Amino acid sequence: MKIRSNIYLLIACLCGSLGLHSCKKDLGPIKDNLTVREAILSGGFMQIPVKIGTPLQLNLAVNPGNRTVTTATYSNKHPEIASYSTTGLITGLSVGRDTVTIQSGELNVWYIVNVTN
């Protein structure tokens, strides 16, 4: 009887350790990503709100670690809606939505820029 219970215990331990091992996934290292600190979640997308007549200075960071980024390039789809300086200053020109792509080194990200009155 004691041998039988020991065998059941051994089988349970083996099955348990196999089950835990098979569920373990190696996700690898966390990759850096570029973010804009002024961006907000709105309508399911990360957006940068800008008002006409009130320029907004973008502050970029690399996560993880929230490391400040000082050099980046900016390109946009609708130059009639917003303009971007080389330092990341956004100026709203007309009401609408623009898409800005920001690149710093090998990292890039895009955001919707929502320009309002």
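Protein heavy-atom surface of segment 69-117, 1.4 angstrom probe: 52% of the accessible area is carbon and sulfur, with nucleic acids and ligands not counted. Residues whose amide H comes within less than 5 Å of that of Leu93, counting only those at least five positions distant or on another chain, are Ala82, Ser83 (H built at 1.01 Å from N in the peptide plane). Taking a sphere under 13 Å around the Cβ of Leu93 and counting the other residues whose Cβ falls inside, with K and R at +1 and D and E at -1, yields a net charge of 0. Quick check: from the Cα gyration tensor, does segment 38-96 come out rounded (a/c under 1.5), prolate or oblate? Judged from the Cα gyration tensor, segment 38-96 comes out oblate (a/c at least 1.5, b/c at or above a/b). In sequence order, segment 99-110 has phi-based couplings of 10, 10, 10, 10, 10, 9, x, 8, 8, 8, 7, 10 Hz under the Karplus curve 6.51 cos²θ - 1.76 cosθ + 1.60, θ = phi - 60°, and Gly or Pro positions carry x. Working note: Karplus 6.51/-1.76/1.60 with θ = phi - 60° gives segment 54-70 the couplings 10, x, 10, 8, 7, 10, 9, 9, 10, 10, x, x, 6, 7, 6, 10, 10 Hz, where Gly and Pro are set to x.
Sequentially through segment 29-43, phi angles give Karplus couplings (6.51, -1.76, 1.60; θ = phi - 60°) of x, 6, 8, 5, 9, 9, 9, 10, 5, 7, 6, 10, 8, 8, x Hz, Gly and Pro residues having no value and appearing as x.
The values are calculated or read from the model by the stated rules, or taken from the named source; none is laboratory data. Note that the coordinates shown come from a computational prediction; the quantities given were computed from them, not determined experimentally. Cβ coordinates were reconstructed from backbone atoms using ideal geometry, including for glycine residues, and neighbour counts include every protein chain displayed. Surface accessibility is based on the protein's heavy atoms, side chains included, excluding ligands, DNA and RNA. Shrake-Rupley method; radii C 1.70, N 1.55, O 1.52, S 1.80 Å.
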